[in-house]
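The values are calculated or read from the model by the stated rules, or taken from the named source; none is laboratory data. No experiment lies behind these values; they were computed from the predicted model shown. Methodologically, a virtual Cβ is constructed for each residue, glycine included, from the backbone with ideal geometry; neighbour enumeration extends over all protein chains shown.
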Amino acid sequence: MRIAFCYPPFSKKGRFPNLPQNRQFIYTASKEVRLYPVVMATAATWLKDLGHEILWLDGITRRLDWKTFEEKLSSFSPGLLVLEAKTPIMKKLWKQINKWKMENGKWKIVLVGDHVSYFPKESFENSKVDFVLTGGDYDFLLVNLVRHLEEGVKMEPGIWYRKKMENGKWKMENSGKFKLDHDLDETPIIDRQLTRWQDYGEAYLFRPCAYMMFGRGCGIKKGSFGACTFCIWQHALWHCSARLRSPEHVVAEVKNLVKLGVKEIFDDTESGALGNYQWLEELYQLLKKEKLLGKIVFSSNARGDQLDKKTCELLKRLGYRLLKVGLESGSNEILARINKKEKIEEIIRGVKNAKDAGIRVMLTIMVGYPWEKEKDVRKTYEIARQLMLYKTRAGDCLQASVIIPYPGTPLWLQAKRKGWLTVRADDYEKFDMSRPVLKTGIEAEAWCSRIWSIQRSPQFILKSGLTIRESGELTLLLRGAKSLIGHLLDYSQKK
């Protein structure tokens, strides 16, 4: 079968969407945010290994014009076309799917992603899509679907499809609610050349960089799982659960990336593997055995409450350079209301432990909650500033965004009940972070810009500059400054 994995080059006023592998969606002026879609790449590799012909066509990351994109897709003439969906582009996708189906009726089109996992019926009602794969293990489901189409094997739970009736009409069917009982060690080592890995990267990572997922979902060392009310992936894709690959499987992929000359690996699992000290220790021993320690550096998502001193010391020995920590707010009341399951004191302590161990930190912050007051956001700003200026090193950074309650999440459902939305609940295009969609008592966009600007303060720039020890760090800072300018434009010229 000829299978195309595509990201159509949608844009808005010269800005491109953060769509591949993104939990938060924005049309951005920054050209430095190009995340690698790990699950999609796993699916493409898996099907290639099974003998299928694959086209990897990311028109967003490559900034292709529509004519070039359409020519490449049409010349490939796929039997199956796979698209990742997200709320702000749903209507554009439906329109594009209908156009393709009219022009190329034999193409079978598949949608995957967080939005369609919540609302699979909707895409059948608004477009001529053939299949919707729900849940986060859509690489497993896609392999199963292809085998079903070619060999007639039974569909796994989680697949929605059109069934042709005797009268010639179509009926929507599904194979049941998706499950997350797959063994992640069954996934192949991603074919990086097939999926054009060098097209991807972010401003805060050393180049060449590569993305992995050591697991799937958000885990907490206390034994429960992440369930933040705003988190679209944890609720839509992972059933608020977490799983890890074996250290052996991870190391096999690390070895492959080292051979490619990768300098930094970013683990894009929601909270990394940091809540499992034994797993990290096993990873350390295997990397040591394979003589990989020191040949590559790691970065990862993290929760502040995972970062005790013992864990941070082990991370440093493993070669962790940077941790992306969700601060979200400086208010314990807000953290409790979004079900963060940690307090600001734990986050501050964790960030300082990481910095004490010599690890850089990237803070992620959100503003514009319906119940947020000026004193709350001011406290968020002050804590972010305090942490950015604590033992500052070249590579420390932060990002801020307006809170978006993606449809289906607990926060969106709460906003509908409480009357907090400023737009219709199904006015999807307005959930693109171009404006607040929640009623709030603060100037959310202005505060976002102010928080981003902490990185422009003379004190932060001086402290960062004084810690530069190699040319790569200088390049990182210059690229980060360029990205920062793009993000500030996002909040100053949106209308």
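Applying the condition of being buried (at least 22 other Cβ atoms within 10 Å of the Cβ) and touching a Pro at 6+ places or on another chain (Cβ under 8 Å) to the stretch 203-255 and asking which residue is nearest to residue 272 (Cα to Cα) yields 235.
In the stretch 256-273, the qualifying residues are those that are among the aliphatic types (A, V, I, L, M) and touching a Pro at 6+ places or on another chain (Cβ under 8 Å), and the one that is surrounded by the most Cβ atoms within 10 Å (Cβ to Cβ) is 262.
For the structure I just gave you, tell me whether residue 100 is over 24 Å from the mean Cα position of the chain (by Cα), of a type in the set (Phe, Trp, Tyr), in a helix (DSSP H, G or I) and modelled with pLDDT of 95 or more. Give the derivation first.
Details: over 24 Å from the mean Cα position of the chain (by Cα): yes; of a type in the set (Phe, Trp, Tyr): yes; in a helix (DSSP H, G or I): yes; modelled with pLDDT of 95 or more: yes.
Against the criterion (over 24 Å from the mean Cα position of the chain (by Cα), of a type in the set (Phe, Trp, Tyr), in a helix (DSSP H, G or I) and modelled with pLDDT of 95 or more), residue 100 qualifies.
Here is a list: 288, 295. Which entry is more than 20 Å from the chain's Cα centre (by Cα) and assigned to a loop (DSSP other than H, G, I, E, B)?
Of 288, 295, the one residue that is more than 20 Å from the chain's Cα centre (by Cα) and assigned to a loop (DSSP other than H, G, I, E, B) is 295.
Kindly evaluate residue 38 against the criterion of being in the same structural domain as residue 148 (by TED's automatic domain parsing), at pLDDT below 90 and crowded, with 19+ Cβ neighbours inside 10 Å. Criteria not met by residue 38.
Yes/no per residue for (1) of a type outside the set (A, V, I, L, M); (2) surrounded by fewer than 17 Cβ atoms within 10 Å (Cβ to Cβ):
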| residue | (1), (2) |
| --- | --- |
| 376 | yes, no |
| 384 | no, no |
| 388 | no, no |
| 402 | no, no |
| 407 | yes, no |
| 416 | yes, yes |
| 425 | no, yes |
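Of all residue pairs spaced 6 or more apart or on separate chains, those with beta-carbon atoms under 8 Å, a first member in the stretch 236-262 that is touching a residue at least 24 places away in the same chain (Cβ under 8 Å) and of a type in the set (Asp, Glu) and a second member that is buried (at least 16 other Cβ atoms within 10 Å of the Cβ) and not in a loop (DSSP other than H, G, I, E, B) are 248/286; 253/212. Pairs meeting the criteria (first residue in the stretch 308-319 and of a type in the set (Gly, Ala, Ser), second residue not in a helix (DSSP H, G or I), beta carbons under 6 Å, at least 6 apart or on different chains) are 319/297; 319/298.
Taking the stretch 65-88 as the search range and keeping residues that are touching a helix residue (DSSP H, G or I) at 6+ places or on another chain (Cβ under 8 Å) and among the hydrophobic types (A, V, I, L, M, F, W, C), which one is farthest from residue 10 (Cα to Cα)?
My answer is 80.
Scoring residue 172 on the criteria (1) under 22 Å from residue 321 (Cβ atoms); (2) aliphatic (A, V, I, L, M); (3) surrounded by fewer than 15 Cβ atoms within 10 Å (Cβ to Cβ) leaves a single failure, condition (1). Screening residue 342 against (1) under 20 Å from residue 305 (Cβ atoms); (2) in a loop (DSSP other than H, G, I, E, B); (3) in contact with a strand residue (DSSP E or B) (Cβ under 8 Å, 6 or more places away or on another chain) leaves a single unmet condition, (3).
Would you pick out the residues in the stretch 391-426 that are assigned to a loop (DSSP other than H, G, I, E, B) and touching a strand residue (DSSP E or B) at 6+ places or on another chain (Cβ under 9 Å)? Don't jump to the end; show me each part of the working.
Kept after step one, since they are assigned to a loop (DSSP other than H, G, I, E, B), are these residues of the stretch 391-426: 391-396, 403-409, 419-420, 422-426.
393, 394, 395, 396, 403, 404, 405, 420, 422 - these are the residues of the stretch 391-426 that are assigned to a loop (DSSP other than H, G, I, E, B) and touching a strand residue (DSSP E or B) at 6+ places or on another chain (Cβ under 9 Å).
Taking strands (runs of 3 or more DSSP E) as the structural unit, those lying wholly within the stretch 133-214 and holding at least 1 residues that are of a type in the set (Gly, Ala, Ser) correspond to 209-212.
Among the residues of the stretch 349-378, count how many are under 24 Å from the mean Cα position of the chain (by Cα), among the aliphatic types (A, V, I, L, M) and in a helix (DSSP H, G or I). Break it down stepwise before answering.
The initial filter retains those residues of the stretch 349-378 that are under 24 Å from the mean Cα position of the chain (by Cα), namely 350-351, 354, 359-369.
Then drop every residue that is not among the aliphatic types (A, V, I, L, M), which leaves 351, 354, 359, 361-363, 365-367.
Next, only the ones that are in a helix (DSSP H, G or I) stay: 351, 354.
Summing the residues that are under 24 Å from the mean Cα position of the chain (by Cα), among the aliphatic types (A, V, I, L, M) and in a helix (DSSP H, G or I) in the stretch 349-378 gives 2.
For the stretch 1-57, the set of residues classified as within 21 Å of residue 145 (Cβ to Cβ) and of a type in the set (D, E, K, R) consists of 2, 48, 49, 53, listed by residue number.
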